[in-house]
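The values are calculated or read from the model by the stated rules, or taken from the named source; none is laboratory data. None of the values given here were measured: they were computed from a predicted structure. Don't worry about glycine lacking a Cβ; one is built from the backbone with ideal geometry, like all the others, and counts go over all protein chains shown. Side chains included, ligands, DNA and RNA excluded: accessible areas come from the protein's heavy atoms. Shrake-Rupley method; radii C 1.70, N 1.55, O 1.52, S 1.80 Å.
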Amino acid sequence: YESSIGTYESLLKLKSARGRTHALALAGIAEAYRISGNLEKATAFYQRIFNMYRAYPDLVASAYWKSAQTFESMEKRVEAVRTLEEMLSQPELAHFLEWKLASQSLPVWKAQIADEVTQEHVEASND
């Protein structure tokens, strides 16, 4: 995956690769990091996409969803929930599949957080 990251990074240096090509290169880097297990770096690259490339809502929706999934896989549910809430606050993303997936996942992940907090409270009470 390191060679693919290097190729994408080379694209990022090209002035002619601005805009969508740049955003796609960031997505490629994020995916390579995710697949190789470097989830912290992956989320950072997904976040760059949805913070810097609003002109490409399809890429933004995908980056939000993948960022949230990556947080969830790291058991950082609060961050995952915040990411989905931010995504769902943007109606221009509503017609993408990732919006539907986020809408379905958000209540589940919120319930998991509530269950974890309740369990921690019970365990603390028993100590």
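Among the trypsin sites (Lys or Arg not before Pro) in the range 1-39, which ones are in a DSSP loop with at most 16 other Cβ atoms within 10 Å of the Cβ? Mind listing them? Working shown, then result.
Details: sites: Lys13, Lys15, Arg18, Arg20, Arg34; in loops: Arg18.
Answer by residue number: Arg18.
Kindly count the pairs of lysines across the chain whose alpha carbons are less than 25 Å apart, treating pairs on different chains or eight or more residues apart as eligible.
For the chain, qualifying lysine pairs total 12.
Of the GluC sites (Glu not before Pro) in the range 26-114, which ones lie in a loop per DSSP and count no more than 13 other C-beta atoms within 10 Å?
Values: sites: Glu31, Glu40, Glu72, Glu75, Glu79, Glu85, Glu86, Glu92, Glu98; in loops: Glu75.
Of the GluC sites (Glu not before Pro), the ones in loops of the range 26-114 whose Cβ has at most 13 other Cβ atoms within 10 Å are Glu75.
What is the percent carbon and sulfur in the accessible area of the range 86-127, measuring with a 1.4 Å probe over the protein chains and ignoring ligands?
Numbers: 1690 of 2970 Å².
Carbon plus sulfur share of accessible area: 57 percent.
Per residue of the range 35-48, what does 6.51 cos²θ - 1.76 cosθ + 1.60 with θ = phi - 60° give for ³J(HN,Hα)? Whole Hz please, x for Gly and Pro, Karplus curve as stated.
Values per residue, Gly and Pro as x: 5, 7, x, 8, 6, 4, 5, 4, 5, 4, 6, 4, 5, 4 Hz.
Grab the eigenvalues of the alpha-carbon gyration tensor for the range 41-122, scale each by 5, take roots, and send me the semi-axes largest first in whole angstrom. Could you put the intermediate results ahead of the total?
On the way: eigenvalues 119, 38, 14 Å².
Equivalent-ellipsoid dimensions as semi-axes: 24, 14, 8 Å.
GNM on the chain, C-alpha springs below 10 Å: top fluctuator among Leu39, Leu26, Leu101?
Ranking Leu39, Leu26, Leu101 by mean-square fluctuation puts Leu101 first.
Kindly report the accessible area of the range 12-69 per residue (heavy atoms of protein chains, probe 1.4 Å, no ligands, DNA or RNA), in Å².
Details: 2730 Å² over 58 residues.
It amounts to 47 Å² per residue over the range 12-69.
Set the Förster distance to 30 Å, then compute FRET efficiency between Glu9 and Glu85 from the Cβ-Cβ distance, nearest 0.05. Intermediate results must be reported in sequence, preceding the final value.
Values: r = 31 Å, r/R0 = 1.04.
Here the calculated transfer efficiency is 0.45.
Using the Karplus curve 6.51 cos²θ - 1.76 cosθ + 1.60 with θ = phi - 60°, work out ³J(HN,Hα) for each residue of the range 71-87 in order, rounded to whole Hz, and write x for Gly and Pro.
Once rounded to whole Hz, the list reads 4, 4, 5, 8, 6, 9, 5, 4, 5, 4, 5, 4, 5, 5, 4, 5, 4.
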